[in-house]
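Taking it in order: structure first as structure tokens, then the write-up.
The values are calculated or read from the model by the stated rules, or taken from the named source; none is laboratory data. The structure displayed is predicted, hence computed values, not measured ones. Here the Cβ positions follow ideal geometry from the backbone for every residue, glycine too, while neighbour counts run over all protein chains shown. Just so you know, the surface numbers come from the protein's heavy atoms only, side chains and all, with ligands and any DNA or RNA stripped out. Shrake-Rupley method; radii C 1.70, N 1.55, O 1.52, S 1.80 Å.
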Amino acid sequence: PEEEYKYECKRTHSFFARLEFAIAETRPTGSILERVHQSRDKAREVRGAAEALAKKGDYPDAIKELNSSTNVLLQAIRMSGIYVPG
């Protein structure tokens, strides 16, 4: 579980980078940009919760939280105007 957690950390980090790229490429404005930023902030909070769980050794729940964070980021990327299949 610890190795899977580390993998999911890297995966989530890459989605944060993808979101920043999406914002730079599509340049959403107004309420869309605000919603994208709110989603990004929510994903950061969820990732923080995952890190706290991992510090306690609760890797299975930490992985679930990271997956939730990644899903929020995926939605934000789509909201910004970039199509992501899946």
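For Y83, indicate whether it is more than 14 Å from the chain's Cα centre (by Cα), loosely packed, with under 14 Cβ neighbours inside 10 Å and of a type in the set (F, W, Y). Give the steps one after another, and end with the answer.
Working: more than 14 Å from the chain's Cα centre (by Cα): yes; loosely packed, with under 14 Cβ neighbours inside 10 Å: yes; of a type in the set (F, W, Y): yes.
Considered against the rule, which asks whether it is more than 14 Å from the chain's Cα centre (by Cα), loosely packed, with under 14 Cβ neighbours inside 10 Å and of a type in the set (F, W, Y), Y83 comes out as yes.
Would a scan of the stretch 21-38 turn up a residue that is touching a Leu at 6+ places or on another chain (Cβ under 7 Å) and buried (at least 17 other Cβ atoms within 10 Å of the Cβ)? Full working, then the answer.
First, the residues of the stretch 21-38 that are touching a Leu at 6+ places or on another chain (Cβ under 7 Å): none.
So far as the stretch 21-38 goes, no, none of its residues is touching a Leu at 6+ places or on another chain (Cβ under 7 Å) and buried (at least 17 other Cβ atoms within 10 Å of the Cβ).
Tell me whether the stretch 61-68 contains one or more residues that are at pLDDT 95 or above, over 12 Å from the mean Cα position of the chain (by Cα) and outside any helix (DSSP H, G or I).
For the stretch 61-68, residues at pLDDT 95 or above, over 12 Å from the mean Cα position of the chain (by Cα) and outside any helix (DSSP H, G or I): absent.
All but one of (1) at pLDDT below 95; (2) within 16 Å of the chain's Cα centre (by Cα) hold for A76, so report the exception by its number.
So A76 meets the others, but not (1).
Kindly establish whether A52 is open to solvent by less than 80 Å² (accessible area, probe 1.4 Å), modelled with pLDDT of 95 or more and within 13 Å of the chain's Cα centre (by Cα). Outline the logic, then answer.
Values: open to solvent by less than 80 Å² (accessible area, probe 1.4 Å): yes; modelled with pLDDT of 95 or more: yes; within 13 Å of the chain's Cα centre (by Cα): no.
Criteria not met by A52.
Kindly provide the set of residues from the stretch 56-70 that are touching a Lys or Arg at 6+ places or on another chain (Cβ under 8 Å) and either of a type in the set (V, I, T) or over 17 Å from F16 (Cα atoms) (or both), ordered by number. Write out each step before concluding.
So in the stretch 56-70, the residues touching a Lys or Arg at 6+ places or on another chain (Cβ under 8 Å) come out as 65-66, 69-70.
T70 - this is the single residue of the stretch 56-70 that is touching a Lys or Arg at 6+ places or on another chain (Cβ under 8 Å) and either of a type in the set (V, I, T) or over 17 Å from F16 (Cα atoms) (or both).
Condition (residue is more than 23 Å from Y59 (Cα to Cα), open to solvent by 40 Å² or more (accessible area, probe 1.4 Å) and not in a helix (DSSP H, G or I)) applied to the stretch 4-20: is it met by at least one residue?
Restricting attention to the stretch 4-20, the residues satisfying the condition of being more than 23 Å from Y59 (Cα to Cα) are 17-20.
Still in the running and open to solvent by 40 Å² or more (accessible area, probe 1.4 Å): 17-18, 20.
Restricting the remaining residues to those that are not in a helix (DSSP H, G or I) gives none.
Checked against the condition, which is being more than 23 Å from Y59 (Cα to Cα), open to solvent by 40 Å² or more (accessible area, probe 1.4 Å) and not in a helix (DSSP H, G or I), the stretch 4-20 yields no hits at all.
When residues of the stretch 4-42 are filtered for being polar (S, T, N, Q) and touching a helix residue (DSSP H, G or I) at 6+ places or on another chain (Cβ under 7 Å), how many remain? Outline the logic, then answer.
Pass one, the stretch 4-42, residues polar (S, T, N, Q): 12, 14, 26, 29, 31, 38-39.
The next check asks that each one be touching a helix residue (DSSP H, G or I) at 6+ places or on another chain (Cβ under 7 Å); those that pass are 12, 26, 39.
Within the stretch 4-42, residues that are polar (S, T, N, Q) and touching a helix residue (DSSP H, G or I) at 6+ places or on another chain (Cβ under 7 Å) number 3.
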